Structures are given as C-alpha cells and as structure tokens.
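Here the structure comes first, spelled out in structure tokens, and everything after it is commentary.
The values are calculated or read from the model by the stated rules, or taken from the named source; none is laboratory data. All values reported here derive from a predicted model rather than from experimental measurement. Please note: Cβ atoms are built from the backbone with ideal geometry, for glycine as well, and neighbour counts cover all protein chains shown. SASA here: full protein model, heavy atoms, side chains in, ligands and nucleic acids out. Shrake-Rupley method; radii C 1.70, N 1.55, O 1.52, S 1.80 Å.
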Amino acid sequence: MDDLDEENDDVEEVNGDEEDIEEEEEDEPEPEPPKPRSRLAQARMEKSKLESLVRRMKTERMPLRVHDVIIRGNTKTKEAVIEAETAPLKDVSSFQELMDVSQQVNLGLQALDVFDAVRITLDAGPPELPDTANVVVEVVESGNPISGEIGAYTKGEARSSTIEGSVKYKNIFGYGDLWDGSLAYGYDHRGELSAGVYLPRFRGLPTPVTARLSLLSQDWLKFSSFKERSLGISLGLFSSRNHDVVYTLGWRALTDPTQLASRPIRRQLGHDLLSSLKYTFKIDRRNSPVRPTRGFAFVSTTQIGGLAPDSRSVRFLRQENGLQIAVPLGFYRSALNLGVSAGVVLPWGPGFSDMRSPLPERFFLGGNLSPVCTMGGPLALWGFGTRGLGPSEPRRQVQNNQADENADPGRDYIGGDLAVTAFADLSFDFPSQWCRAKGIHGHIFASAGNVDKLTENAYRNFSFRKFGESFRSCAGAGIVIPTSLFRLELNYCYMLKKFDNDQGKSGFRVSFSTIS
C-alpha cells in the first residue's frame, strides 16, 4: 500500500508540474501583429512614387502605343466625326507624346461646340501586348442645341454702331454641323441678313466646309455718295490653321438716291456680278492680339475676281500684305510694336490699262480703329476719320435758288488702287496696381500712310518719290482699356502732316477696335 501511495504522489507531482508549465505558457505574452502604416506615411510613399514617375517622364522616353480608342456617350453625333478628331492618337509612340496629343484632341473636340463636356482617360492595354494602352473618350452632348445672343457693337471702320442678333442650332444631323441665322442693323442704315452652315467633317474631307447666304445693305452716302446692296453666297473650300480659301458669288448694286454723286462715282453706279476666289495665309505668333508684347504676325490675302463667264462680272486682282512685330523692352512690361501694310488692286482683261478698278474693292484709309489689333491690308490710321484721306472729287451742285449757288456740296472719297500704312506703338504699364490688374495701360504712337490711284492710265504720272512725299502722318499718346470683345483707346492725336481735303485734326479721339 505504501508503494501505491508513493506512485500516486509521483503522478500528482507530474500533473502538477504540467499544470505549472501550462500556466507559464499561458502567461507568456503573444507577439503583437505589425501595426498598419499611418495615413501620413502612406501619403508620403505615394508622393514619392509619383515624383519618381514624373522625373522618369521628364528624363526618360517611355515607349507606349495606343491599342484601341473607345468612344462613349455619343447618342446623336456620328462616331466618324469623333474618330476623325481622335485619329492622331493612333500615331503616338511614347507616353509623353500620348499626353500631349490627348490634350490636343480634347481641345479639338471641344472646338466642335456640340459637347458640353469631354473627358479622356487612359487604361492599360491587353496583358499579352506590353507597352500598350487603351484611350477612353467620353463625351457629353449638348443638352440644349439651340442658343442665341444679341448685342450692340461699334464698327470703327464705318463710324457707327449696330444691333446684332443671332440664333444657332447645333448638330442637327449628327455631323457636328452648326446652323445659324443672324440679323444686324446699324444707325447709319446698314443692314445685314444672313444664314450659314458649318460642317467640321463632311464625307471624309480633311478640312471644314462652310456656306453662307447673305443679304447686305451698306450706306456710304456720307463719305462717297453711294449705297451698296448685295445678295450672294460664299463657300469655304479649304480651311486650316494658316490657310483659308473662299469662293464668293454675288449680285451687287450701287445706287445714289441723293443724285449728288461726283462723276467718278456716277460712272460706277448700276449692277454687276461678283465671282471671286480669295486665298488668305495667316501666321500669328504674338502672345496677345489685344496687347502684344512679343512675337510677330503676318497676313497675306490674294483675291481674283471675274471668274464667271458674264460681261457684267467685275474683273480685278487684289493683293494685301500686313506684318507686325512686337519687341519687349524689359521694364514696366513695355513693348515696341511696329507694323507695315500694303495693298494694290488692278483690273485685268483686254485693255486693262484703260479700265477702272471696282469701287467697293478699292482701298480707303482712316476710321476709329487701332492698327495694333487690325491685321491685314492697309486700313487703320490714327487721327483720321472714316474714309478721311486720299483721292476725292467734288459732288454735283444742284442750284435750286441763289443760296445753293454758294453752298459747298462736299466731296466724295473715291478710294485708291495703291495704299501703304505704317505705325509704331510703345505700350507700358502704369504704376497703379489696380490698372495693372485690369490690363489698363498707356501708349505713345505714331502712324503714317497714303493711298493713290493707278488705273485709267494714272500710273503714267505715278512716282514713288511723290507718293512718299504725300504721306499723311499723326502722333499722340493715350490710355488703352482692353476687354474680351474689343480694344478701347482714349487718345490725343496731333496731326503732323495732312492736306486740305483730308478729314483729320488734332484733338482727343475715342476708338473701338475688334480683334481681327
């Protein structure tokens, strides 16, 4: 029995030892799981990865090509229209190039003016095709296809104001087409009614197609004793960033309700047919069309009339060139703008030297315009009124009584076949911070120009020395207030040289110039 009790005691001791071991194991602390990274640490890691990617994009060329372009959201717009705008995406060969082209495509789709929003995202290509990406183009079509606007505008070249209204209807047939109708009426009895269509992509043509039908009535009685009425259509045959080709066909009538027109004006009254082709080349590298401080711009326009096989079709050749250069001076955001423009118009056909050029195609200088933002042929000249210089002829004098015998009937400005203008404009900021924030600045300017006749054998008496000696000139200073619609100038003009029959005088002048 004693032996059995000893064995039981030993078993109890062993069991006791096991319980002690289990208790000791339970008392040992378990290893803690790894703490999750804080949000700040994760953000820093993501930022580091992004900065590394950006450095790689700037320093290394990352090869990448587009596998597929997926278009979504177009319910009315034809997919071919969007595909034509996104076609450059298929030609990229790197990630950097893809980003640049995607931005250009986005701007091109928004320029169609038929989408409220455009979003372009990049997605990974198929796994079996490394270094590829899919481009997803999502568009939101315009909820309201009809839009309209109305406003009052100042026409500096006509010295008048007009009330204009227009209505547009977008994307009727799903080709990105824009249909519009407009009506304009001026206080000088100028009226215009027109309707047009713009097709950005038509039957696979690489350039947009435009067509416009217009009815125009223009009153020039105050300056040249005639009214002009025309009905015609213009077709945009080719248009790109730098080139533009337009064909115009119209029926035009010149009348004189006052019966006071001078002899050169009366000889051109009546009906004629305008059938012309006009080509324009334009390059503009200025940093701003309203206040350029660096860069240059060049415009060249060639127009040939008389393409219709009709005896009443006016035949002429018209060439215009304009060049502007802006040079920054480095203080007060100052810049020197220099510009020169020249134009010539001549008739063509048998006996062209004895023929006269069409009156509406001639050059007329002057008007409430600023040469800085008026690109193209010779037109603007500071200090002179609308059609205020150049060849002129006295109007007919109708004597109804003795008082009319001594009355001055005035003169008709008949325009010229050769015109040249030049200007220099020094612009600078005012010290006022408020003026700088609003873009209001000052300028000192000088301009000169001349217009003369070449047709009807007048070229035989023409000489460049006399042409240069008869240049009119003006200098002055003023304040410029730029807006999104026009450039407003409050100037004081001082006449340096003018002739007796010119409509120009020293004094304060206000000019409104729209961007051309």
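Of the residues making up the stretch 455-474, those that are touching a residue at least 24 places away in the same chain (Cβ under 8 Å) and either charged (D, E, K, R) or in contact with a Ser or Thr (Cβ under 8 Å, 6 or more places away or on another chain) (or both) are Thr455, Glu456, Asn457, Tyr459, Arg472, Ser473, Cys474. Can you find a residue in the stretch 198-208 that is assigned to a strand (DSSP E or B), over 15 Å from Thr248 (Cα atoms) and under 22 Å from the mean Cα position of the chain (by Cα)? Yes. Summed over the stretch 219-245, the residues that are more than 25 Å from the chain's Cα centre (by Cα) and part of a strand (DSSP E or B) give a count of 6. Restricting the stretch 361-400 to residues that are in a loop (DSSP other than H, G, I, E, B) and among the β-branched types (Val, Ile, Thr), the residue that is nearest to Ala297 (Cα to Cα) is Thr374. What number of residues within the stretch 283-293 are without any contact (Cβ under 8 Å) to a residue 40 or more places away in the chain and either hydroxyl-bearing (Ser, Thr, Tyr) or not in a loop (DSSP other than H, G, I, E, B) (or both)? Residues that pass the stated criteria total 1. Among all residues of the stretch 131-147, there is none that is part of a helix (DSSP H, G or I) and over 21 Å from the mean Cα position of the chain (by Cα).
Note on the stretch 246-282: residues that are hydroxyl-bearing (Ser, Thr, Tyr), buried (at least 18 other Cβ atoms within 10 Å of the Cβ) and not in a strand (DSSP E or B) amount to 1.
Could we say that Arg72 is open to solvent by 60 Å² or more (accessible area, probe 1.4 Å) and within 25 Å of Gly143 (Cβ to Cβ) here? It is true that Arg72 is open to solvent by 60 Å² or more (accessible area, probe 1.4 Å) and within 25 Å of Gly143 (Cβ to Cβ). Taking first residues from the stretch 92-121 that are acidic (Asp, Glu) and partners that are assigned to a helix (DSSP H, G or I), the Cβ contacts under 9 Å between residues at least 6 apart in sequence or on separate chains come to Glu97/Asp91. Residues that are on the phi > 0 side of the Ramachandran plot, modelled with pLDDT under 95 and out of contact with any strand residue (DSSP E or B) (no Cβ under 6 Å at 6 or more places or on another chain) do occur in the stretch 406-413.
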